[in-house]
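One structure is given here, and the rest of the page talks about it.
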Amino acid sequence: MSSTLSRPLILATSILLLTIPALAVEPQPDAEPQPVTVIQAGQLVDVEAGRVLDRQTIVIKGETIEAVGTDLAVPPGATVIDLSHAVVLPGLIDSHVHITSQASANYYEEMFRRSFVDHAILAHLYARRTLEAGFTACRSVGSQGFVDVALRNAIERGDVPGPRLQVAGYYISSTGGHGDLVGFSPWLTTNGPPEMTGIADGVDAVRQKVRYLVKYGADVIKFGASAGVLSEEESVGAPQYSQEEMNAIVEEARRWGRRACAHAHGTEAIKMAVRAGVVSIEHGSLVDDEGLALMKDNGTYLVADIYNDTYILAEFEKLGFPAHIIEKERKVGRTQRENFKKAVEAGVKIAFGTDAAIFPHGKNARQFSYMVEWGLTPMEAIQSATVSAADLLGWGDRLGSVAPGKLADIVAVAGDPLDDVTVLESVGFVMKGGVVVKNELE
Ligand code: ARG
């Protein structure tokens, strides 16, 4: 017994004895020298301070920003990118996308003739378009078949271009809820094997679902606190989980080091989800004053997709969406915008999130002008998609501003976004992690 116990010890000691001197004397091969890039920015949006700085030099080593300042010396051998006639900003962040799908075909075709395998075939295109539009990071809050996990990994490996992704895997929903297949024959089931869904009911089952999602790669947990618009439940806002179930989801997510967010249009469901401890309320359409006060007190972000009403009412009839779904949109769209404005006035934290997938990926920046129309200044709208979204994702230490120590995710536009925020719809320069993805500005 004692000899078996001591054998590994002896082994470990002899390995140590053999390796330590070797490490000490053998010179290590030099690490690849990191490329140095310098961006000469005509103007730089300092999102932390909420101001614009003129003539800034940004020094980037490898994937990291090393220094930012006026007239810094250009290190020898550096590649210089001349954006002296452009406005430079941190890479944009969309905290609510569904990166693996897009409403581009007929409603029934999409629902019944396509599966997550079709999503997997096309998802890399959506990722690329999103990145080229200046969105260097996204939180993707619902996908099928763990296609989002595979896409995130492929992007991280450098196999396909795309934004840094934080993904949810399946979106957790109650039976008959927004994430279930509602309104059809009981003989139709959701896409894929029965256990491969986000459907879970009851405290134990929702805990198990969180563990299942974490097991297969979810970074963040998303659940449906209330009914929705683009689904066939009768209501837009009725709560779809009990308080106990919501508490269990958030608590279990935390146990595994994950943040939870809630799809919630409904007045009561929003409050229940905030009380459960979510980091963000998605949509937030029918929030009341008490809900806003609760969000403010808890530091809960509002992620309101206020561009979608315009797109859905213009396009979704053509896609064959049932009339009662379009009717739900008519009931909720304007109220969502009015309540977004109230949230801004109440001082609730706002993070940019669009629900891209409803409209084509890459058009995410269309939402900025709606946010300005409904209460934000252009600077605040930009902050919502940079420093605030990075904070919501828990990536504030690495992303969200152009500052020393942060990853070099940087974009630039030809016009002044503080004067006209729609210039963000045509981002001309994109850098992710120090690598130029697109440069039409030099
Ligand atoms: N995914 C959301 C839902 O179906 C989209 C809501 C779109 N409408 C809007 N006014 N934001 O509930």
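Structure values in brief
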item: Restricting the stretch 313-325 to residues that are out of contact with any Leu (no Cβ under 7 Å at 6 or more places or on another chain) and of a type in the set (A, V, I, L, M), the residue that is farthest from the ligand (Cβ to nearest atom); result: 323
item: Candidate set: the stretch 219-230, residues that are crowded, with 24+ Cβ neighbours inside 10 Å and in a loop (DSSP other than H, G, I, E, B); chosen: the one farthest from the ligand (Cβ to nearest atom); result: 225
item: Qualifying strands (runs of 3 or more DSSP E) (wholly inside the stretch 1-103; at least 2 residues being modelled with pLDDT under 95 and surrounded by fewer than 21 Cβ atoms within 10 Å (Cβ to Cβ)); result: none
item: In the stretch 159-189, residue farthest from residue 137 (Cα to Cα) [restricted to those that are within 16 Å of the ligand (Cβ to nearest atom) and β-branched (Val, Ile, Thr)]; result: 182
item: Residues of the stretch 149-165 satisfying the condition of being over 16 Å from residue 98 (Cβ atoms) and outside any helix (DSSP H, G or I); result: 158, 159, 160, 161, 164
item: Some residue of the stretch 135-148 being in a helix (DSSP H, G or I) and buried (at least 17 other Cβ atoms within 10 Å of the Cβ); result: yes
item: So residue 216, is it under 18 Å from residue 98 (Cα atoms), at pLDDT 95 or above, away from the ligand (no atom under 16 Å from the Cβ) and surrounded by fewer than 22 Cβ atoms within 10 Å (Cβ to Cβ); result: yes
item: From 312, 306, residue being within 21 Å of residue 377 (Cα to Cα) and out of contact with any strand residue (DSSP E or B) (no Cβ under 9 Å at 6 or more places or on another chain); result: 306
item: Residue, farthest from residue 293 (Cα to Cα), within the stretch 326-343, restricted to residues that are out of contact with any helix residue (DSSP H, G or I) (no Cβ under 8 Å at 6 or more places or on another chain) and more than 12 Å from the ligand (Cβ to nearest atom); result: 327
item: Any pair with Cβ under 8 angstrom, 6 or more apart, that starts in the stretch 352-369 at a residue that is within 11 Å of the ligand (Cβ to nearest atom) and ends at one that is part of a loop (DSSP other than H, G, I, E, B) and acidic (Asp, Glu); result: 353/305; 354/305; 355/305; 358/305; 367/305
item: Meets criteria (within 24 Å of the chain's Cα centre (by Cα), among the polar types (S, T, N, Q) and over 21 Å from residue 304 (Cα atoms)) for residue 197; result: yes
item: Some residue of the stretch 388-399 being over 20 Å from the mean Cα position of the chain (by Cα) and surrounded by fewer than 21 Cβ atoms within 10 Å (Cβ to Cβ); result: no
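The values are calculated or read from the model by the stated rules, or taken from the named source; none is laboratory data. Computed from a predicted model, the values in this text were never measured in an experiment. Heads up, the Cβs are rebuilt from the backbone with ideal geometry, glycines too, and the neighbour counts pull from every protein chain shown.
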